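Here's the structure we're looking at; comments come further down.
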Amino acid sequence: MEVLKGITPIISIIILLLIVVAVSGAAYTYIMGYWSGMTGKAIEMVRAYCHNGQVSITVRNIGTDNINAGDVTTQVDWVVGSGTATIQEPGYPIQVGKTADFTHDCGASNVCRYMIVVGRSVIQRQINC
């Protein structure tokens, strides 16, 4: 009768350690990617409304750094109607945890679509006036 030999306890411990190191490395990479999205420069929309053709979009800095003028990209298009493409930006810097207003004259009875980009945060909103 032939006796089958298994792997030695030392080799099994080495294999288990390699598995633990691999799983730990994967978890570290995932967590660091997740947290880096929550740090740096990021915004969230608090509210957006139109009153007499004047659109106001309020955003909050939810990142860990102040937001400066060069960190923001804005864009507006008209779904219905036409007008000026200039969005009035807030005073900079936008402090961490504070809110700021972006305003635009969309025009009465017009529909405007807005996009505000800061870092990896993108806010898109269509507003009917």
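Each reported figure results from applying straightforward, stated rules to the coordinates on display, with no laboratory input. Being a predicted model, the structure only gives us computed values, none of them experimental. We place every Cβ from the backbone using ideal geometry, glycine too, and count neighbours over all the protein chains shown.
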Exercise. For the chain, set up a Gaussian network in which alpha carbons nearer than 10 Å are linked by springs, and say which option among Ile87, Ile19, Ile67 fluctuates the most.
Key: Ile19
Practice problem: Would you calculate the separation in nanometres between label points at Arg125 and Thr84, each defined as 7 Å from the Cα along the Cα-to-beta-carbon direction? | Solution: 2.1 nm
Quiz item: Taking other Cβ within 10 Å of each residue's Cβ, how do Val20, Val118 sort, fewest first?
Solution: Val20, Val118
Practice problem: Determine the relative contact order of the chain: mean sequence separation of Cα pairs under 8 Å and six or more apart, normalised by residue count, in whole percent. | Solution: 25 percent
Quiz item: For the chain, what does -39500 (n - 2.57) per DSSP helix run (n ≥ 4), summed and divided by total residues, give at 222 nm, in deg cm²/dmol to the nearest 500?
Solution: -8000 deg cm²/dmol
Quiz item: In units of 2.2 N^0.38 Å, what is the alpha-carbon radius of gyration of the chain?
Solution: 1.85
Self-check item: In degrees, nearest ten, helix 9-37 long axis to first principal axis of the chain (Cα)
Solution: 0 degrees
Practice problem: Give the order of Lys5, Lys41 when sorted by the count of other beta carbons within 10 angstrom, beginning with the fewest. | Solution: Lys5, Lys41
Self-check item: Cβ-based charge dipole, region 43-128, positive-most Cα from Pro90, Val72, Asn61
Solution: Asn61
Quiz item: Taking 0.36 nm per residue of separation and subtracting the Cα-Cα distance, what length does fully extending Ser109 through Asp65 add?
Solution: 12.0 nm
Quiz item: Between Glu44 and Thr58, how many nm apart are label points set 7 Å from Cα along the C-beta direction?
Solution: 1.5 nm
Practice problem: Please get the size of the charge dipole for the chain, origin at its Cα centre, with Cβ charges of +1 on Lys and Arg and -1 on Asp and Glu, quoted in debye to the nearest 20. | Solution: 180 debye
Quiz item: Can you sort Arg125, Arg60, Arg47 by how many other beta carbons sit within 10 Å, fewest first?
Solution: Arg47, Arg125, Arg60
